[in-house]
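The structure under discussion appears below in the form of structure tokens.
The values are calculated or read from the model by the stated rules, or taken from the named source; none is laboratory data. These numbers come from a predicted model, not from an experiment. FYI the Cβ positions are ideal-geometry reconstructions off the backbone, even for glycines, and counts take in every protein chain you see.
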Amino acid sequence: MKKLKENVFNVIVGIISMEEFEAWLYSDSFVIKNALENELVLEILLVNLKTRDSFQELEALCFRFFSREEFLIYQTQHVAKVMEEKGHTFEVEKWISTIANYYDHKEPEELLYHFESLSCLLDYGATYYGYNRAYLNNEVRIFGRRIQKTFENLNLEEKIECFKSGELIEISYLKCARA
């Protein structure tokens, strides 16, 4: 079940393609063995993964069977690692805006607010604020590193609490924005 959850998360995050997920799904022994006994497995097998709506259907199943917060932590950790490794690139901008899409203004989670702010900074930083690419690159790397360091020794519940409060992660450009 752990591998199933991980691969569902991977396809929604964008780490693997729908085609890779489908190939894995139909060849995995756990899936084959539990096709009729496990509700999640059955529901996933009933999704036509070749349709345009398959991503949304899989995402809905993900949030029905797994905690939204656990998914967001998984996604955040992946994005943070990519951010630290690559800095500010078009690919990283895409990852950051993807995670910022989950920001809910009605029930804001601080870490998602940071991602949304960083996404805006990357979109408008050079044009409107005159930040150079080296500065933006450095901010992205620092942000990724801070998230990884913060989450490093926390269990899932502590990561979720940190995710909601954002308290353990100090972001330099946000201090200026909120002052």
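For region 24-116, the helices (runs of 4 or more DSSP H) that sit wholly inside it and include 2 or more residues that are under 18 Å from Ile12 (Cα atoms) are 39-46, 54-65, 68-86, 90-100.
Here is a yes/no grid of residues against (1) buried (at least 19 other Cβ atoms within 10 Å of the Cβ); (2) small (Gly, Ala, Ser); (3) on the phi > 0 side of the Ramachandran plot:
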site	(1), (2), (3)
Val79	yes, no, no
Glu91	no, no, no
Glu109	yes, no, no
Leu112	yes, no, no
Phe115	yes, no, no
Gly130	no, yes, yes
Glu152	no, no, no
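Just to be sure, is Arg64 surrounded by fewer than 17 Cβ atoms within 10 Å (Cβ to Cβ), under 18 Å from the mean Cα position of the chain (by Cα) and basic (Lys, Arg)? Explain how you work it out, then say what you get.
Values: surrounded by fewer than 17 Cβ atoms within 10 Å (Cβ to Cβ): yes; under 18 Å from the mean Cα position of the chain (by Cα): yes; basic (Lys, Arg): yes.
Answer is yes for this residue.
With respect to the conditions (1) in contact (Cβ under 8 Å) with a residue 40 or more places away in the chain; (2) more than 23 Å from Thr150 (Cα to Cα), Leu72 lacks only one, and its number is (2).
Would you be able to say whether some residue in region 89-101 is at pLDDT below 90, more than 21 Å from Asn138 (Cα to Cα) and either of a type in the set (Asp, Glu) or assigned by TED's automatic domain parsing to the domain that holds Glu157 (or both)?
Looking only at region 89-101, we keep the residues that are at pLDDT below 90, and these are 89-101.
Add one more test, that the residue is more than 21 Å from Asn138 (Cα to Cα), and what stays is 101.
Right, trim to either of a type in the set (Asp, Glu) or assigned by TED's automatic domain parsing to the domain that holds Glu157 (or both) and you get 101.
Looking through region 89-101, at least one residue is at pLDDT below 90, more than 21 Å from Asn138 (Cα to Cα) and either of a type in the set (Asp, Glu) or assigned by TED's automatic domain parsing to the domain that holds Glu157 (or both).
Considering region 1-23, the residues that are loosely packed, with under 13 Cβ neighbours inside 10 Å and part of a loop (DSSP other than H, G, I, E, B) include one that is modelled with the lowest pLDDT, namely Met1.
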